[in-house]
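Below is one structure; the comments refer to it alone.
Coordinate-derived values only; no laboratory data. Keep in mind it's a predicted model, so treat the numbers as computed, not measured. All Cβ positions, even for glycine, are placed from backbone atoms using ideal geometry, and neighbour counts span all protein chains on display.
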Amino acid sequence: MDNTAKFIGSGFICGYVMYNLGGYPAIYPNDEDGIVIVEVYKIPDNIYEQIDSLECAYNYYGKEVDILIEGKIIKAIVYIYKTKLPDTYLLESGDWFKR
């Protein structure tokens, strides 16, 4: 079995904001005009199961969302933080790499 993740592309999702939790990000729903930059990977089922178990153990839940990549909309799972955080942790850019 191939355990390699394949990079699909970078894109964005609307209706979410990103927070900086120190060493890792968290996204949370936003009814306003929040945009979060994301990377999409195709991963084998066994790796997905491991990631899902890990994320769900740490206050996240998976949700299928529409992601815009290079003018096309694809569906993918993102992990959303279950708890709203104070705005002091908010990343205004929505881009983890621009923190």
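Observations, loosely collected:
- Residue of 69, 51, 80 that the Gaussian network model of the chain assigns the largest fluctuation, springs spanning Cα pairs under 10 Å: 51
- Counting only alpha carbon atoms, the long axis of helix 45-57 and the longest principal axis of the chain meet at about 30°.
- The GluC sites (Glu not before Pro) of segment 21-99 that meet both conditions, a loop assignment by DSSP and at most 16 other Cβ atoms within 10 Å of the site Cβ, are 32, 70, 92.
- Our note on the geometry: Cα centres of segment 54-92 and segment 10-34, 6 Å apart.
- Note on residue 8 and residue 98: the model spin-label points, each 7 Å out from Cα along the C-beta direction, lie 2.3 nm apart.
- Placing R0 at 35 angstrom, the Cβ-Cβ distance between residue 47 and residue 84 gives a FRET efficiency of 0.75 after rounding to 0.05.
- Rounded to the nearest 20, the size of the Cβ-charge dipole of segment 6-85 about its Cα centre is 80 debye, with Lys and Arg at +1 and Asp and Glu at -1.
- Sum of -39500 (n - 2.57) over DSSP H runs of 4+, divided by residues of the chain (222 nm, nearest 500): -4000 deg cm²/dmol
- Nonlocal Lys pairs with alpha-carbon distance under 23 Å, segment 1-89 (8 or more apart, or different chains): 11
- For the chain: relative contact order, % (alpha-carbon pairs under 8 angstrom, 6 or more apart): 34 percent
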